[in-house]
Structure formats: structure tokens, C-alpha cells
Amino acid sequence: MAEKRKRLTAEERRERILDAALELFAEKGYAATTTRELARRAGITEPVIYLHFESKEAVLRGVFQRHSFLPYLREFAALEGQAPLRDQLLELGTRWRRFIRERHHLVTLVIREIHRVPEMGRALRETLAAGLPLAAEAVRAHADLTGYRPERLETAIRLFLSSLLQLFLLEGPAFFEDGSRIDALMEESVDLLVDGLRDPLGDAPAKATGARK
């Protein structure tokens, strides 16, 4: 007697749609992917997609929410203790590096399509609008910024994360597996940022270590 097929919960169906969407968008591009293909890849019927998402653009936003950097940032923000600004930025960079390595399909999709697909730009801007202030606030909460210009912190974080993203674009995913090279580049980048954040009239501490846990 055949085993009865388990009925998926609404959340499981939603996750299946989003996982299938990421695969297809990365393989074929957002514009070239149809909801019929998406349903077939997810193992559901096409009308089921519209029970969970009002449009293909809503699916794209769901992909960004499910696979974005925000969960990594929330982990970073939840860490306890204090650490020097330099160590805070290095820890943030380590999490961004892990995100790029683990979510390289999403990163590749964004790089390839962002200038061709307006929906992609909107979804990315929504993510950045939520993520950058969260990262800056987490650093402010756990680092002594005496002698630095905290109003420049969000811009510095944007530049730092963008530079790592550019490395992925130029060097490919394999570069992020080379621990010694990426570590050295991250440290150089952070040192430049920390120097740029110093208040010329203030008294910023010298380079120090002591990462929070």
C-alpha cells in the first residue's frame, strides 16, 4: 500500500516557492522566469503561488527577505560585550563574507540584474534601508567611539561592505575561501576606515583588539 503523501503547511509551501524562485532567477534571470516555471520547480500548481504572493515582484521581495543579509546583521547586533571599533568592523566584515559565500546565488543574481530589473533595485534598496542603520547602531552600542566621528559610521560601513562585494565580482566565490588573502585585505580596509573615522580634534584610541562575544 502506497504511503500517504505528507501535506505541506502554508509556511513550507511558501519556503519552497522562495527557494525555487532563487534558483530560477539565478539560472534564467528574473524577467525570463515565468510563474508557471516557478510552480513546476516548486512542485506546486501555479494558483498556489498567488495564495502566498500577489505578484512575481512580491516573490522577489520575499526572496530578498528570506535570503538577505539581515539575519546575519541581527546575529551581529545581538552579540554582547564591548570591543574596539576596529574589531567591531572586522566582525561585521566576517559575517558579510560568510553571507556572500553562503548566498552567492543571490549575490550573483543581484549583480547581473540590478540595472535591468527595476524590481530588483527596489528590493535591494529596501534591504539596505533596513540593514545599514541596524549595523551602525550595533557598532555604536558596543564600541567606544570617543575620538571618532560617529555620524560617518553608516557611510563607512556601506563603503566597507561594498568593497567586499566588488571583490566577489572581480575574483569570484573561490576568493572568499582563501582565508589568508581575504583576512589581510579586510584588515587593511578596516584600518583605512578607522583612520578616516578619527576626529582630527579628538583623542581616538590607538589600534587595539578584544572582540566581543
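Values in this text are rule-based calculations from the coordinates and carry no lab data. Just so we're clear, the structure is a prediction, and the values are computed from it rather than from any experiment. Positions of Cβ are backbone-derived with ideal geometry, glycine not excepted, and every protein chain shown enters the neighbour counts.
Some values worked out for this structure:
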quantity	calculated
Segment 15-34 and segment 38-74: distance between their alpha carbon centers, rounded to Å	9 Å
Convex hull volume per residue in cubic angstrom - Cα atoms of segment 39-119	133 Å³
GluC sites (Glu not before Pro) restricted to segment 45-110 and DSSP loop, no more than 13 other C-beta within 10 Å	Glu54, Glu80
The chain: angle of helix 85-102 to the longest principal axis, Cα-based, in degrees nearest 10	20 degrees
Percentage of interatomic Cα-Cα distances in segment 10-65 larger than 19 Å	10 percent
Contour excess over end-to-end distance, with Cα ends at Glu57 and His115 and 0.36 nm allotted per residue	19.3 nm
Computed helical MRE - 222 nm, the chain, DSSP H runs ≥ 4 contributing -39500 (n - 2.57), nearest 500	-22500 deg cm²/dmol
Under-5 Å amide H pairs with Tyr148, H placed in peptide plane, nonlocal only	Asp199
Angle between the chain longest axis and helix 56-67 axis [Cα atoms, degrees, rounded to 10]	50 degrees
Rg over Rh, two decimals, segment 127-206 (C-alpha only, Kirkwood Rh)	1.02
Volume per residue that the Cα convex hull of the chain spans, once the total is divided by residue count, Å³	159 Å³
Förster radius 30 Å - calculated FRET efficiency between Leu185 and Glu154 (Cβ-Cβ, nearest 0.05)	0.85
Fully extended contour minus Cα-Cα distance, from Gln82 to His105, at 0.36 nm per residue	4.9 nm
Crossing angle, helix 153-171 versus the chain [Cα axis fit, 0-90 degrees, rounded to tens]	60 degrees
